[in-house]
Amino acid sequence: MQQQKSYIANNRSGTLYLVATPIGNLEDMTYRAVRTLNEVDIIAAEDTRVTRKLTSHFNIATPLISYHEHNRRKQEQRLLEQLRQGESIALVSDAGLPAISDPGGELVRAALTHDIPVIPIPGANAALSALIGSGMATDRFLFLGFLPRERGACREMLKQWRLTEATVLLYEAPHRLLATLRLIQNEWGNRSGAVVRELTKQHEEWLRGTVQELINWFTETPPRGECTLILEGAPLGSMRQYEGEQLPWWHELSLKEHVDHFISEGLTTRDAIKRVAIDGGLSRRDVYNDYHSGR
């Protein structure tokens, strides 16, 4: 067990501060965050070019060093040594809370292993901001971050969580959004959802509807900017309903394998697509498009 009293003077080491930064609008920077960035000895930034714009705006002269996915193992030892010598460090990401969908979590665990105090400085967060504005249930939610890039791994993660009754929060890049929505519909059906892009920025936009309606919209209007997805949880009782019951025979098949199965039984491609659409509660048009694109 480890006890940390965050605001009692600590003469043994420095402190690691996890400082939230704006996700778009600079007015979301807190007074406490600005003060902390001014007072620490070093700011460890995901991208120093991005953070330098922030520090310049608030006249913060604290030195910056880079800490990101590609150099974290090398930089971690340097940062830990400086913390052990009594220097305090602020960890920031490009936007929002550090250690959320970035490598900051490893530095936090390493600091705690060496009994170095870790203090969060809260602020803006895209996932929670999207959740409270989505109209979805907020009493229980599950944050999955970015889904895996590899399609098979993505399908497996969606299968793993398809029966969760909590609202699901996801991040997605604009060029992958449409494919992700189609996968979600294939695995979870046509549930309610919302997409918000460019949160807190001038072009902030919210789309609320069913997954199919979102697919239709983004097919006609390609998205721009980083996106956050909010998805309705499975109906209450879904987990209990499926406990001990066998999942559908086609559960582990890809959409193409599902269609090909019916074709191998003698159905025409058109009829096979119709059967798959009925099995999965999907539109025939989307099954047709996904099948012929090889998904």
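The values are calculated or read from the model by the stated rules, or taken from the named source; none is laboratory data. What you see is a predicted model; the values in this text were computed from it and never measured. Cβ atoms come from the backbone with ideal geometry, glycine included; neighbour counts cover every protein chain shown. Please note that ligands, DNA and RNA were not included when accessible areas were found on the heavy atoms of the full protein model with its side chains. Shrake-Rupley method; radii C 1.70, N 1.55, O 1.52, S 1.80 Å.
A few remarks follow.
- Residue that is most open to solvent (accessible area, probe 1.4 Å) [pool: residues in the range 28-62 that are among the small types (Gly, Ala, Ser) and without any contact (Cβ under 8 Å) to a residue 40 or more places away in the chain]: 61
- The number of residues in the range 280-290 that are buried (at least 16 other Cβ atoms within 10 Å of the Cβ) and without any contact (Cβ under 8 Å) to a residue 40 or more places away in the chain comes to 2.
- Residue 119 being outside any loop (DSSP other than H, G, I, E, B), exposed (fewer than 15 other Cβ atoms within 10 Å of the Cβ), out of contact with any Gly (no Cβ under 9 Å at 6 or more places or on another chain) and modelled with pLDDT of 95 or more: no
- Within the range 177-201, residues that are within 24 Å of residue 277 (Cβ to Cβ) have Cβ atoms under 6 Å from residues that are open to solvent by 30 Å² or more (accessible area, probe 1.4 Å) and among the hydroxyl-bearing types (Ser, Thr, Tyr) in these pairs: 190/210; 192/210, counting only partners at least 6 apart in sequence or on another chain.
- Residue in the range 182-206 that is surrounded by the most Cβ atoms within 10 Å (Cβ to Cβ), counting only those that are in contact with a Leu (Cβ under 6 Å, 6 or more places away or on another chain) and modelled with pLDDT of 95 or more: 193
- Number of positions in the range 55-114 that are in a loop (DSSP other than H, G, I, E, B), over 27 Å from residue 3 (Cβ atoms) and β-branched (Val, Ile, Thr): 2
- Pairs, first part of a helix (DSSP H, G or I) in the range 252-275, second of a type in the set (Phe, Trp, Tyr) and surrounded by 14 or more Cβ atoms within 10 Å (Cβ to Cβ), C-beta under 6 Å, six or more apart: 256/291; 258/250; 259/291; 272/262; 273/288; 275/262
- Scanning the range 9-27 for residues that are within 24 Å of the chain's Cα centre (by Cα) and surrounded by 17 or more Cβ atoms within 10 Å (Cβ to Cβ) yields 16, 17, 18, 19, 20, 21, 22, 23, 24.
- Against the test of being under 26 Å from residue 44 (Cβ atoms), open to solvent by less than 40 Å² (accessible area, probe 1.4 Å) and touching a residue at least 60 places away in the same chain (Cβ under 8 Å), the options 166, 110, 126 yield a single qualifying residue, 126.
- Criterion violated by residue 65 - all others in (1) among the β-branched types (Val, Ile, Thr); (2) crowded, with 18+ Cβ neighbours inside 10 Å; (3) over 19 Å from the mean Cα position of the chain (by Cα) satisfied: (2)
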